[in-house]
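Notes to accompany the following structure.
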């Protein structure tokens, strides 16, 4: 039974939230002036993440996992562009099949350097033996300058480090997001 793709969470709640607080503090409001955001456009984001999660066998052929991943976002366009140097929190669930494949889904909260938040839902899959997970994402709104945000995108992600002990695990990886957005 494969239970190590996205791992195990929440036993170290305090360390997760302390790390998230540090990421938010480092990427929180800054003194630079707000630049107007184009009402629509494309994005290409790299999201290097760290995760903590848990997984448990739920049937003879499946395990179920859930957890948190967090890290910064980096827009390929760089400074002043959409979600460059923002803090990302991803809450995920994953169903692992006995054959090594998995289905995953979750939600993103992207907090920019001015404290405005963008929200997205995502889903995807891991094919048995594949190096990358792939899926789609939908922007579902936000706060401040992201209020009314909509858009679609594709993502792929790769696990680059994994440490597990029983049902609990943590590790690192990165995701690449590409798509389009629209603001009212």
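The values are calculated or read from the model by the stated rules, or taken from the named source; none is laboratory data. Since this is a predicted model, take the numbers as computed values, not measurements. Neighbour counts run over all protein chains shown; Cβ positions are idealised from the backbone, glycine included.
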Checklist outcome for this item: Among the residues of region 130-151, the number that are part of a strand (DSSP E or B) and more than 15 Å from the chain's Cα centre (by Cα) is 4
Next on the checklist: residue 146 - would you say it is surrounded by 13 or more Cβ atoms within 10 Å (Cβ to Cβ) and over 16 Å from residue 106 (Cα atoms)?
Outcome noted: yes
Checklist entry - Of all the residues that make up region 137-149, how many are in contact with a strand residue (DSSP E or B) (Cβ under 6 Å, 6 or more places away or on another chain) and closer than 18 Å to residue 179 by Cα? => result 8
Item to check | Total residues in region 164-184, condition more than 19 Å from the chain's Cα centre (by Cα) and either exposed (fewer than 13 other Cβ atoms within 10 Å of the Cβ) or under 16 Å from residue 42 (Cα atoms) (or both) | outcome: 5
Checklist entry - modelled with pLDDT of 95 or more and either closer than 17 Å to residue 71 by Cα or part of a loop (DSSP other than H, G, I, E, B) (or both), is that true of residue 157? => result yes
Checklist entry - If we scan region 45-55, do we find a residue that is within 13 Å of the chain's Cα centre (by Cα), modelled with pLDDT under 50 and closer than 22 Å to residue 125 by Cβ? => result no
Checklist entry - In region 52-86, which residues are under 23 Å from residue 116 (Cα atoms) and in a strand (DSSP E or B)? => result 68, 69, 70, 71, 72, 73, 74, 75, 86
Next on the checklist: Given the criteria under 17 Å from residue 176 (Cβ atoms), in contact with a strand residue (DSSP E or B) (Cβ under 7 Å, 6 or more places away or on another chain) and either at pLDDT below 95 or loosely packed, with under 15 Cβ neighbours inside 10 Å (or both), does residue 75 qualify?
Outcome noted: yes
Checklist entry - Does at least one position in region 119-129 carry a residue that is touching a helix residue (DSSP H, G or I) at 6+ places or on another chain (Cβ under 9 Å), part of a strand (DSSP E or B) and under 16 Å from residue 45 (Cβ atoms)? => result yes
